[in-house]
Amino acid sequence: MTRTKGFFAAMLGVAMVMPAHADAAAPAASVATTEYGKVQGSVADGVESWKGIPFAAPPVDALRWQPPKPAARWSGVRETTAYRNDCMQEPFPSDAAPLGTTPSEDCLYLNIWKPADAKGKLPVMVWIYGGGFVNGGSSPPTYSGAPIATQGVMVVSFNYRLGRFGTFRHPALGRDQGVNYGLLDQIAALKWVQRNIAGFGGDPDQVTIVGESAGGRSVHALMTTPLAKGLFDRAVIMSGGNGKPGALSTPADAERLAVAFGESQGIAPDAPDAAARLRALPARTVVGDLNLAKMDNFFSPVTDGRSAVDVIAAHESGQAPAIPVMIGATSADIGGPDGPMVAGARDLAALFARRGMPTYAYRFSYVATSVGGTNAYHATDIPFFFDTQAIKYGAATTPRDNRMGDIMSGYLANFVKSGDPNGAGLPQWPRYRADGGKQMDFATSGEALVEQVNGR
């Protein structure tokens with residue numbers, strides 16, 4: 001891929017919080033029609049984009065702790081040239097992908113990138129961010145879909161509710177309303193893609209969901225819940241854990257935590273006005289100090305049997321669809337080589353392979369030149385899969401870093417197009433076999449090397 005000074009200047013610009021109106025100097029993208037109204041984005045360096053498209057109603061006031069509802073229709077053409085607010089949260093100071101917007105409860109928006117000269121229907125990659133289900137958003141510059149869109153795919157990202165807004169079960173709200181509102185937001189976004197993406201030039205019959213960390217756990221949930229059946233065709237799981245439920249993941253746990261939170265605000269669970277008083281709490285109060293640094297009394301998703309089911313059981317029983325999967329973790333991921341990320345990815349790759357699912361396993365060992373050392377920590381693979389390493393590392397980015405971005409984004413784009421990462425100019429990536437698995441190591445040397453997985 002040819003990198004130009006103008007391209008990366010444009011990419012670095014997305015780190016700023018942009019105004020609501022389009023930059024008068026930027027050429028306008030074509031007008032697209034959604035089910036709620038027409039939208040117009042912009043074009044930069046051969047990439048057409050739309051940012052801040054509503055895919056559901058703002059989940060505020062009476063819609064707080066409700067499943068996502070349809071967005072309001074609008075007349076005329078809506079400018080969609082800037083990210084809208086990420087979802088309400090307490091920012092995490094050392095986040096690997098800091099937000100580019102001010103968080104708000106009004107946050108259910110999505111973004112689209114495509115090559116400006118695209119012809120015909122494009123395969124669609126849908127990105128689901130991580131952050132422990134308490135932090136994260138679609139606005140970080142590292143998550144820009146522009147570079148990978150130049151490889152002939154459409155990229156979609158979206159926001160989903162976090163923290164107590166996204167996972168909450170209180171008896172006053174009605175137990176049939178749900179508990180995993182963030183997962184329901186993800187499903188609503190995927191349904192929007194199915195109904196609307198053809199109007200932007202995307203192919204609703206070729207959708208790949210891609211998620212890292214909490215986003216990877218979301219991919220596990222989406223692969224196994226019947227609520228998402230038929231909404232996507234392939235999946236990429238990056239550091240998504242071992243598929244097993246965690247502590248505080250039962251509905252009873254969630255209800256106990258929600259009741260305790262309400263009581264901390266002076267709201268008894270059996271008070272006749274408890275639901276109204278909970279929904280009237282200021283958003284900052286609901287967030288509290290909950291973020292990645294303090295999660296002692298929070299877990300998501302809750303295994304409610306609907307939006308989140310037993311992942312392992314769903315695969316072992318054959319109830320989950322057998323689709324192509326790419327799965328892996330970083331070499332120094334959370335928990336080390338025997339932890340839930342590294343060992344979890346290995347064990348799930350074997351499970352998927354036993355099911356006959358086309359499975360491609362990886363380990364990310366590469367460390368950016370400016371970082372140094374030999375430890376590839378959690379989330380450090382993201383900019384290389386997105387080919388945004390020059391945005392992440394700026395002037396310290398080296399040709400070696402860019403080469404790794406070319407390799408990894410090339411594999412990802414190929415997988416989005418066909419369910420197979422292999423293609424011209426890339427080392428052959430073998431399918432994982434349950435009886436003798438081989439994975440691709442994105443090695444410290446800066447090469448993609450096939451390796452045996454722990455002798456298995």
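What residue, of G328, G241, G305, is surrounded by fewer than 21 Cβ atoms within 10 Å (Cβ to Cβ) and either under 21 Å from the mean Cα position of the chain (by Cα) or on the phi > 0 side of the Ramachandran plot (or both)?
G305
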The one condition in (1) within 13 Å of V325 (Cα to Cα); (2) of a type outside the set (G, A, S); (3) in a loop (DSSP other than H, G, I, E, B) that L412 fails to fulfil: (3)
Under 7 Å between Cβ atoms, which residue pairs at least 6 apart in sequence (or on different chains) link something in the stretch 175-187 that is under 16 Å from P58 (Cα atoms) with a partner that is among the charged types (D, E, K, R)? Y181/R161; G182/R161; D185/R161
Whether any residue in the stretch 441-455 is touching a Gly at 6+ places or on another chain (Cβ under 8 Å) and open to solvent by less than 30 Å² (accessible area, probe 1.4 Å) is what I want to check. yes
Check every one of the helices (runs of 4 or more DSSP H) wholly within the stretch 259-348 and list those with 1 or more residues that are farther than 19 Å from T167 by Cβ and in contact (Cβ under 8 Å) with a residue 60 or more places away in the chain. 311-316
Q428 - would you say it is surrounded by fewer than 19 Cβ atoms within 10 Å (Cβ to Cβ) and within 24 Å of P123 (Cα to Cα)? yes
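Out of all the residues in the stretch 142-185, which are closer than 26 Å to T101 by Cα, among the hydrophobic types (A, V, I, L, M, F, W, C) and not in a helix (DSSP H, G or I)?
The answer is V153, M154, V155, V156, F158, L162, F168.
Yes or no, residue by residue, for (1) modelled with pLDDT under 95; (2) within 29 Å of G288 (Cβ to Cβ); (3) under 21 Å from the mean Cα position of the chain (by Cα):
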site	(1), (2), (3)
G52	no, yes, yes
F55	no, yes, yes
P59	no, yes, yes
L63	no, yes, no
Q66	no, yes, no
T81	no, no, yes
D86	no, yes, yes
S94	yes, yes, yes
L99	no, yes, yes
A188 passes all but one of (1) out of contact with any Pro (no Cβ under 7 Å at 6 or more places or on another chain); (2) under 28 Å from K121 (Cβ atoms); (3) in a helix (DSSP H, G or I); which number fails? (1)
Between a first residue in the stretch 50-79 that is among the polar types (S, T, N, Q) and a second residue that is surrounded by fewer than 20 Cβ atoms within 10 Å (Cβ to Cβ), which pairs have beta carbons less than 7 Å apart while being 6 or more apart in sequence or on different chains? Q66/Q177; S75/G37
For the stretch 107-129, how many residues are in a loop (DSSP other than H, G, I, E, B) and open to solvent by 10 Å² or more (accessible area, probe 1.4 Å)? 6
Members of the stretch 403-422 found to be touching a helix residue (DSSP H, G or I) at 6+ places or on another chain (Cβ under 9 Å) and open to solvent by less than 30 Å² (accessible area, probe 1.4 Å), listed by number: M404, G405, I407, M408, S409, Y411, L412, A413, V416, P421
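The values are calculated or read from the model by the stated rules, or taken from the named source; none is laboratory data. Owing to the predicted nature of the structure, the values given are computational and were not obtained by experimental measurement. FYI the Cβ positions are ideal-geometry reconstructions off the backbone, even for glycines, and counts take in every protein chain you see. All accessible areas refer to the heavy atoms of the entire protein, side chains included, with ligands and DNA or RNA removed. Shrake-Rupley method; radii C 1.70, N 1.55, O 1.52, S 1.80 Å.
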